[in-house]
Amino acid sequence: MEYKACHCCGQIHRLPILSKDQLATCIRCQSKIAVHSHHHKSASRTAAAAVAAFLLFWPAVLCPILKIDQLGQHSESSIISGGLELLSHGNWFVGAVVLLFSIVFPLTKIVMLLELSLLEILQRRHKALTLRVMEQAGRWSMMDVMLLAFLVMLVKLGNLVEFQFGPAVIAFILCVTMSMIASLSFDPHTIWENKA
């Protein structure tokens, strides 16, 4: 026997161990109650998307994202070098914002998703704290917002400078997509289930 809560209304049910073909129904709202196999699939999808996001993160922040030609001067910059350049020119606040919200928080979120869905290095009692840290880092992770700001900037600067996309643009878009897929497919119930 095991206890399961309905994902819709929260009603607790005492269920026998179900096979893959059997489904449980909530006695209060008639919703289908997820069984262990669904949680396992959710963890696998989350882990796959998080691994892809982690691998894509490094070329997204290290490779040149934009190549600009302005009045005969050529320059190219990656996200991390742009943030460090802002810091070196005395723009501490803007540089810190770029580095924190585009590098530190997204990387923390991805690593925490990997820990909760795949690695399982931490003991079970630390999983609640890990989940809370991951949720907070996810709220402050702004890679998708930065991508939108980046596109708006390109539209506004189109007549003033000549620019070309760098190789990091594709990695950046794919990293944002994989991170969002990992977040959406993550089921917090999987971290409490016993692994076979």
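The values are calculated or read from the model by the stated rules, or taken from the named source; none is laboratory data. None of these values were measured; they are calculated from a predicted model. Reconstructed Cβ throughout: ideal geometry from the backbone, glycine too, with neighbour counts over all protein chains shown.
Observations on the structure shown:
- Subset of the range 1-39 that is among the charged types (D, E, K, R) and at pLDDT 80 or above - its residue that is surrounded by the fewest Cβ atoms within 10 Å (Cβ to Cβ): Arg14
- The set of residues in the range 81-110 that are aliphatic (A, V, I, L, M) and crowded, with 18+ Cβ neighbours inside 10 Å comprises Leu86, Val98, Leu99, Ile103, Leu107, Ile110.
- Taken as a whole, the structure places Ile173 among residues that are assigned to a helix (DSSP H, G or I), under 19 Å from Leu55 (Cα atoms), modelled with pLDDT of 80 or more and over 11 Å from the mean Cα position of the chain (by Cα).
- Some residue of the range 117-128 being at pLDDT below 85, over 26 Å from Leu55 (Cβ atoms) and not in a helix (DSSP H, G or I): yes
- Count of residues meeting criterion [within 21 Å of Lys109 (Cβ to Cβ) and either of a type in the set (D, E, K, R) or assigned to a loop (DSSP other than H, G, I, E, B) (or both)] in the range 64-96: 2
- Filtered by the rule that a residue be among the aliphatic types (A, V, I, L, M) and modelled with pLDDT of 80 or more, the range 58-70 gives Ala60, Val61, Leu62, Ile65.
- Scanning the range 45-57 for any residue that is assigned by TED's automatic domain parsing to the domain that holds Ser141, touching a helix residue (DSSP H, G or I) at 6+ places or on another chain (Cβ under 9 Å), surrounded by fewer than 16 Cβ atoms within 10 Å (Cβ to Cβ) and modelled with pLDDT of 85 or more turns up at least one such residue.
- Residue within the range 123-139 that is out of contact with any strand residue (DSSP E or B) (no Cβ under 8 Å at 6 or more places or on another chain), more than 19 Å from Met178 (Cβ to Cβ) and of a type in the set (Val, Ile, Thr) present: yes
- A single member of Ile79, Ile110, Ile121 is in contact (Cβ under 8 Å) with a residue 60 or more places away in the chain and over 17 Å from the mean Cα position of the chain (by Cα), and it is Ile79.
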